[in-house]
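K.L.:
Below you will find the structure I want to go over with you.
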Amino acid sequence: MKFDPRATAQMLRFDEKADRVVPPTGFTARLTLFSAFAMAFLAVFALALSMAAGRIADRWGDELAQSSTVRISAPAGEVATQTEAALRVLRTTPGIIDARALTLEEQRALLLPWFGPDLPIEDLPLPQLIDIQETDDGYDPSGLRLRLAAEAPAAVLDDHARWRRPLIEAATRLRLLGWASILLIATATAAMVTLAANAALAANAQVIAVLRLVGAKDTYIASAFVRRFALRALTGAACGTLVGIIALFLIPSGGEASGFLTGLTIQGVGWLWVMLIPPLSGLVALLATRFAAIRVLEELA
């Protein structure tokens, strides 16, 4: 059986008599509703994960791209001298906007997430850190390292390149994983709806045979299944999407310092993608049921 565009459009038109062919309740109805609900719920989180990974990748890139650190490890009596020498070099280096030594309070704040507020930082042999702010064009790290080695031998330059690249790559791959998960969710939804449609068609084989005897065309019969299963998938996906959104709002926010978990939210145009989940689920169900109806009706012919 082949469908032309006109016949395909007719499948979406409501026909109460034709819809009676499809059982309104039962295993196939529950399977379709539950599958669409669960897949839409997972799609919301996959979408949120993908977008959160994208935001974090952009933030890490922006924050680390124009900042560097100089670490000074020297005996206690030489730290101040080495720090002053390093600052003179940094402040006269083209491409550097500002360079300043971090205070003990700032270094304590950096260590606070790892060691807690009771860390006796004054008694620890911590290196002196110098924060560097770069211009958009940046500086020559090789030349700066040579100048620091000559004037401040205890200074070690860290331009964050070895940290920035793998972090951004990891976040980018996680974003791609989120979109791949959405594709797998759509495929799984299509498979489950196809199984449910096959079961419903097989269970109504005798009804289909009678309809054919009285002159009903396969397009008329298939349209009932397409409409009913598309509506079930749309309803289940709408409920799953709503529950997924509510679950996202229940995740605590980390504010400006949010990470993957606390930053798992939908923002901006991302809501448009979320609103597309139910209609896309209905479209997937429509295409899957159409395919199943074609195949099963040809087998029953």
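K.L.:
Just the residues that are among the basic types (Lys, Arg) and modelled with pLDDT under 85, please, taken from segment 140-163. Talk me through it step by step, then tell me what you get.
P.N.:
From segment 140-163, those among the basic types (Lys, Arg) are 145, 147, 162; that's our starting set.
The answer is Arg162, and nothing else.
K.L.:
How about segment 244-274: which of its residues are surrounded by 14 or more Cβ atoms within 10 Å (Cβ to Cβ) and at pLDDT 85 or above?
P.N.:
Gly244, Ile245, Ala247, Leu248, Trp273, Val274 - these are the residues of segment 244-274 that are surrounded by 14 or more Cβ atoms within 10 Å (Cβ to Cβ) and at pLDDT 85 or above.
K.L.:
So, in segment 208-226, exactly how many residues are in a loop (DSSP other than H, G, I, E, B) and surrounded by 12 or more Cβ atoms within 10 Å (Cβ to Cβ)?
P.N.:
So the first thing to find is which residues in segment 208-226 are in a loop (DSSP other than H, G, I, E, B), and the list is 214-217.
In the following step, the residues that additionally are surrounded by 12 or more Cβ atoms within 10 Å (Cβ to Cβ) were identified as 216-217.
So the count comes out to 2.
K.L.:
A further question follows. With the condition kept exactly as written, say whether any residue in segment 159-167 is in contact (Cβ under 8 Å) with a residue 12 or more places away in the chain, within 28 Å of Phe37 (Cα to Cα), part of a helix (DSSP H, G or I) and of a type in the set (D, E, K, R).
P.N.:
Scanning segment 159-167 turns up no residue that is in contact (Cβ under 8 Å) with a residue 12 or more places away in the chain, within 28 Å of Phe37 (Cα to Cα), part of a helix (DSSP H, G or I) and of a type in the set (D, E, K, R).
K.L.:
Condition test on Thr93, is it assigned to a loop (DSSP other than H, G, I, E, B), modelled with pLDDT of 80 or more and surrounded by 15 or more Cβ atoms within 10 Å (Cβ to Cβ)?
P.N.:
yes
Conditions (1) surrounded by fewer than 18 Cβ atoms within 10 Å (Cβ to Cβ); (2) more than 30 Å from Val269 (Cα to Cα); (3) at pLDDT below 80, marked per residue:
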position	(1), (2), (3)
Asp4	yes, yes, yes
Met11	no, yes, yes
Glu16	yes, yes, yes
Ser35	no, no, no
Ala57	no, no, yes
Asp62	yes, no, yes
Ala65	yes, no, yes
Gln82	no, yes, no
Ala86	no, yes, no
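K.L.:
Output the number of residues of segment 85-109 satisfying the condition of being in contact with a strand residue (DSSP E or B) (Cβ under 9 Å, 6 or more places away or on another chain) and closer than 18 Å to Pro127 by Cα.
P.N.:
In the first step, residues of segment 85-109 are kept if they are in contact with a strand residue (DSSP E or B) (Cβ under 9 Å, 6 or more places away or on another chain); the result is 85-87, 89-91, 93, 95-102, 106-107.
Checking which are closer than 18 Å to Pro127 by Cα leaves us with 85-87, 90, 99-102, 106-107.
Number satisfying all stated conditions: 10.
K.L.:
In this structure, is Leu111 assigned to a helix (DSSP H, G or I), modelled with pLDDT under 85 and surrounded by 14 or more Cβ atoms within 10 Å (Cβ to Cβ)?
P.N.:
Numbers: assigned to a helix (DSSP H, G or I): yes; modelled with pLDDT under 85: yes; surrounded by 14 or more Cβ atoms within 10 Å (Cβ to Cβ): yes.
Here the answer is yes, as Leu111 does meet what is asked.
K.L.:
Next question. If we scan segment 192-205, do we find a residue that is under 24 Å from Trp273 (Cα atoms), in contact (Cβ under 8 Å) with a residue 60 or more places away in the chain and either polar (S, T, N, Q) or in contact with a helix residue (DSSP H, G or I) (Cβ under 6 Å, 6 or more places away or on another chain) (or both)? Working first, answer last.
P.N.:
Initial filter on segment 192-205 (under 24 Å from Trp273 (Cα atoms)): 192-193.
Still in the running and in contact (Cβ under 8 Å) with a residue 60 or more places away in the chain: 192-193.
So of that shortlist, the ones also either polar (S, T, N, Q) or in contact with a helix residue (DSSP H, G or I) (Cβ under 6 Å, 6 or more places away or on another chain) (or both) come out as 192-193.
Yes, segment 192-205 contains a residue that is under 24 Å from Trp273 (Cα atoms), in contact (Cβ under 8 Å) with a residue 60 or more places away in the chain and either polar (S, T, N, Q) or in contact with a helix residue (DSSP H, G or I) (Cβ under 6 Å, 6 or more places away or on another chain) (or both).
The values are calculated or read from the model by the stated rules, or taken from the named source; none is laboratory data. Bear in mind that the values here come from a model prediction, so they are computed numbers and not experimental data. So basically every Cβ, Gly included, is an ideal-geometry build from the backbone, and we count neighbours across all protein chains shown.
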